[in-house]
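Below: the structure, in structure tokens.
The values are calculated or read from the model by the stated rules, or taken from the named source; none is laboratory data. Treat the numbers as computed from the prediction; the structure is a model and nothing was measured. All Cβ positions, even for glycine, are placed from backbone atoms using ideal geometry, and neighbour counts span all protein chains on display. Heavy atoms of the whole protein, side chains included, go into the accessibility calculation; ligands, DNA and RNA do not. Shrake-Rupley method; radii C 1.70, N 1.55, O 1.52, S 1.80 Å.
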Amino acid sequence: MNAKRLMGAAAATVLALGLAACSGEGAGTTTSDATDDTSAPVAEDVRIGVAMPTQTSERWIADGAAVESGLQELGYEVDLQFANDDIPTQTQQIDQMITNGADVLIIAAIDGTALSAQLQNAADKGIKVIAYDRLIRESANVDFYVTFDNFQVGVQQATSLLVGLGILNQDGSEGDATGPFNVELFAGSLDDNNAFFFFNGAMDVLQPYLDDGTLVVPSGQLDIEQAAILRWQQETAQRRMEDLLTANYSGDLQVDGVLSPYDGLSRGIITALQNAGYPATVADGFPVVTGQDAEIASVKLIADDVQFATIFKDTRKLAAQAVTATEEFLTGGEPTANDTETYENGVKIVPSYLLESDIVYADNIQSLLVDSGYWSAEEVASGVAE
Ligand code: BGC
């Protein structure tokens, strides 16, 4: 996805000149001479630090590019950093952003509990902090949170698993299949607050089917601690799937479905299943594998009937929300929240703006992803971002 295409909504936001109410003590704040109108801070003097976790997943690259271009269109200076999924690298980057005079920080944390010292430092300097997509925990100094309805993402992941197995139809009505079906469960990284929301949302849907025997987990690994994949690593997911197959699927026992919370993990799981000799397509009996993020390689796998579904979270909209919240802070206001109950971070409830997500199946790739300009038809066909 190219950076220019990513921004749209945020670019429409009009820059209010004279950010007099800017609360930071960084480069964006001018302290001089109230009689001189030209002393009011101008957009170029405002610096925004944007800390993203990694470039190994294309969603974070897209998020970073979209936030950066949205802020730049408002005339702000942007310091965008990626941290290779390494906690010390991310804390160092945020320290540096503060030293360099950031006025607002937008942070997608690697470990949601590792940033308390940085955030205290930011608060002491009057720098507003926006948690991006992932909640920052155990700190009072998180001013706003922009994200998706993460519990609902988990609900959608489990729903797509049930649809793939034929237990439900896409319209939510009951399907013909009755099971029992053998499924295995995967979860995200335990240092990412979202992993719990996804897993809890999914289990909320799956539990009744586990209770009545429609779904069976032959490994018995039902807890998030057993299902978790540290740092959302594809290779770790592939290894865990291989181990599950070796330990639990001897003889005729087959896996029918796998709950996977992220496309990178899904591709690792799919590789393990392919190496174990499962049929090529879902139509032929390949297990139903779910996902998240609508990564282009996975969208192609869905089009090819290998992965069954993914969850589309439009990162362009999330970036636009982060830009809007930044602007609201800089002009002395408070960003508008649409949820003030759900995201308790261990110290306080962080006011949040939640966006909606969609389930992507083979038959709505066109309407959800291509028609909206998220991926082109050529990218879907090749499985490679242009
Ligand atoms: C995000 C997901 C993403 C995962 C792995 C989560 O915090 O919400 O969209 O798949 O991290 O990067």
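Some values worked out for this structure:
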item: Distance from region 251-321 to region 117-148 (C-alpha centre basis), Å; result: 33 Å
item: Residue of 193, 141, 275 that the Gaussian network model of the chain assigns the largest fluctuation, springs spanning Cα pairs under 10 Å; result: 275
item: Point-to-point label distance, residue 211-residue 385, nm (Cα→Cβ direction, 7 Å offset); result: 4.1 nm
item: Chain lengthening between residue 297 and residue 339 when straightened (0.36 nm per residue, less Cα-Cα); result: 11.8 nm
item: Charge sum, other residues only, whose C-beta stays under 10 Å from residue 345's C-beta, Lys/Arg counted +1 and Asp/Glu -1; result: 0
item: Average Cα contact separation per residue, region 53-188, under 8 Å, 6 or more apart, as relative contact order %; result: 14 percent
item: Extension gain, residue 276 back to residue 367 (0.36 nm per residue minus Cα-Cα distance, nm); result: 29.4 nm
item: Angle between the chain longest axis and helix 234-248 axis [Cα atoms, degrees, rounded to 10]; result: 30 degrees
item: Loop-resident sites, region 341-381, for GluC sites (Glu not before Pro), counting at most 11 other Cβ within 10 Å (DSSP); result: 341
item: Those lysines that a straight Cα-Cα span of less than 28 Å connects to residue 348, excepting residues fewer than 8 apart in one chain; result: 125, 128, 313, 317
item: R0 of 51 Å, Cβ-Cβ distance residue 250-residue 349: FRET efficiency to nearest 0.05; result: 0.60
item: Within straight-line cross-link reach of residue 300, aspartates and glutamates at Cα separation under 15 Å, skipping those fewer than 8 residues along the same chain; result: 58, 263, 363, 378, 379, 386
item: Approximate spin-label separation residue 377-residue 113, in nm, with each point projected 7 Å along Cα-to-Cβ; result: 5.0 nm
item: Total formal charge among the other residues, if their Cβ is under 14 angstrom from that of residue 57, Lys/Arg +1 and Asp/Glu -1; result: -4
item: 222 nm mean residue ellipticity, helices alone, for the chain (DSSP H n ≥ 4; -39,500 (n - 2.57); rounded to 500); result: -11000 deg cm²/dmol
item: DSSP-defined antiparallel bridges as percent of all bridges, the chain, nearest 5; result: 15 percent
item: Cβ-based net charge around residue 215, under 13 Å, with every Lys or Arg adding one and every Asp or Glu removing one; result: -4
item: Amide proton proximity set for residue 144, modelled H, under 5 Å, gap of 5+; result: 129, 131
item: Per residue solvent-accessible surface (Å²) - region 224-350, probe of 1.4 Å; result: 38 Å²
